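Shown next, in structure tokens, is the structure this report addresses.
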Amino acid sequence: MRRFGVRIPTSAPYLKPFRYRRKGFLNENTMLNLVLFGPPGAGKGTQSQKLIDHYQLVHVSTGDIFRAHIKNQTALGQRVSQLIADGKLVPDEITIAMLEEEVKQNPEAKGFIFDGFPRTVPQAEALDAFLAGKNEKIMAVIALDVTQEELARRIAERHKISKRPDDDAEKLKKRIDEYFTKTVLVLPYYEAQGKLEKVNGIGDVNMIFAHLCEVIDSL
Ligand code: AP5
Ligand code: MG
């Protein structure tokens, strides 16, 4: 947890009263908007599924939405299909417009988990501005920390059974390259706002989930 810009272990017993007071900010009128951040294969989708059940949130995965458009052969799908198959980022203006549309379609949401968005600083700025227009904001950006060796192992494993064209070794290399040249720049953007939290993304899925809940419950 972070207080006055200082990171403090959430397990410290003397902090309990503060934590409970802080939890009060997340009352029924406050939307719990979270960004789940991490490189390809970090477990964003896996953990998002568990988090939306636990916190009753709406999952917005730009990757999943693009894949649905491609599957349904919409005009948007046709536009982005090759870029995604090649492991390249889709241009910001397309992605931002699609994201905003998705949020607007869920007016009753108690909050959103943004998975795979924002992936560039302009996307992060657009998201902040869009939420500010609704008197809402991102509460935290939780980055899953996973080594490149583990990412490659997981995606190679999934590639044996999945139909994702971007899961072959060469395309994965491009996705990881996009992550380390463009997407990581989003981290200092949120760190400057005091919203960045890091969680170890290696190990048992339920254990990682428990750590995520610990971070979220301390907001
Ligand atoms: P997107 O769909 O977001 O893909 P990604 O970020 O490359 O990552 P993945 O979905 O592969 O991984 P994940 O972190 O969700 O992990 P998962 O839970 O699946 O984006 C795809 C493409 O769309 C982009 O390349 C880009 O072209 C485009 N795009 C999307 N958003 C965009 C944006 N904002 N701007 C521009 N372009 C955009 O887990 C991976 C595997 O590991 C699974 O098999 C899972 O079972 C396994 N696993 C999960 N957790 C664990 C664990 N703890 N231990 C062992 N295995 C685990
Ligand atoms: Mg995913």
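The values are calculated or read from the model by the stated rules, or taken from the named source; none is laboratory data. All of these numbers come straight from a predicted model, not from anything done at the bench. Quick reminder, even Gly has a Cβ in these numbers, built from the backbone with ideal geometry, and neighbours come from all protein chains shown.
Can you name the number of the only condition in (1) among the hydrophobic types (A, V, I, L, M, F, W, C); (2) more than 30 Å from ILE202 (Cα to Cα); (3) in contact with a helix residue (DSSP H, G or I) (Cβ under 9 Å, 6 or more places away or on another chain); (4) without any contact (Cβ under 8 Å) to a residue 12 or more places away in the chain that ALA68 fails?
Against the list (1) among the hydrophobic types (A, V, I, L, M, F, W, C); (2) more than 30 Å from ILE202 (Cα to Cα); (3) in contact with a helix residue (DSSP H, G or I) (Cβ under 9 Å, 6 or more places away or on another chain); (4) without any contact (Cβ under 8 Å) to a residue 12 or more places away in the chain, ALA68 comes up short only on (2).
Every residue in the range 174-201 that is over 26 Å from LYS88 (Cβ atoms), surrounded by 14 or more Cβ atoms within 10 Å (Cβ to Cβ) and of a type in the set (A, V, I, L, M), please.
Of everything in the range 174-201, just one residue is over 26 Å from LYS88 (Cβ atoms), surrounded by 14 or more Cβ atoms within 10 Å (Cβ to Cβ) and of a type in the set (A, V, I, L, M), namely VAL199.
Please find, among LYS88, LYS71, the residue that is more than 7 Å from ligand 1 (Cβ to nearest atom), surrounded by fewer than 19 Cβ atoms within 10 Å (Cβ to Cβ) and of a type in the set (D, E, K, R).
Only one candidate passes the filter, namely LYS71.
Just to be sure, is ARG154 more than 23 Å from VAL35 (Cα to Cα) and either within 12 Å of ligand 1 (Cβ to nearest atom) or modelled with pLDDT of 95 or more (or both)?
In short, no.
Counting only residues that are closer than 18 Å to ARG154 by Cβ and out of contact with any His (no Cβ under 6 Å at 6 or more places or on another chain), how many does the range 188-210 have?
10
Between residues in the range 115-133 that are of a type in the set (Asp, Glu) and residues that are part of a helix (DSSP H, G or I) and modelled with pLDDT of 95 or more, which pairs lie under 7 Å by C-beta distance while being six or more apart or on different chains?
Correct list of pairs: ASP115/LYS44; ASP115/GLY45; ASP115/SER48.
For the range 129-147, does any single residue satisfy the condition of being under 20 Å from GLY63 (Cβ atoms), crowded, with 20+ Cβ neighbours inside 10 Å and touching a His at 6+ places or on another chain (Cβ under 7 Å)?
Checked against the condition, which is being under 20 Å from GLY63 (Cβ atoms), crowded, with 20+ Cβ neighbours inside 10 Å and touching a His at 6+ places or on another chain (Cβ under 7 Å), the range 129-147 yields no hits at all.
Which numbered condition trips up GLU149, out of (1) farther than 21 Å from GLU191 by Cα; (2) within 14 Å of ligand 2 (Cβ to nearest atom)?
All conditions pass for GLU149, except number (2).
Go through (1) outside any helix (DSSP H, G or I); (2) out of contact with any Gly (no Cβ under 7 Å at 6 or more places or on another chain) and name the single condition ALA152 misses.
So ALA152 meets the others, but not (1).
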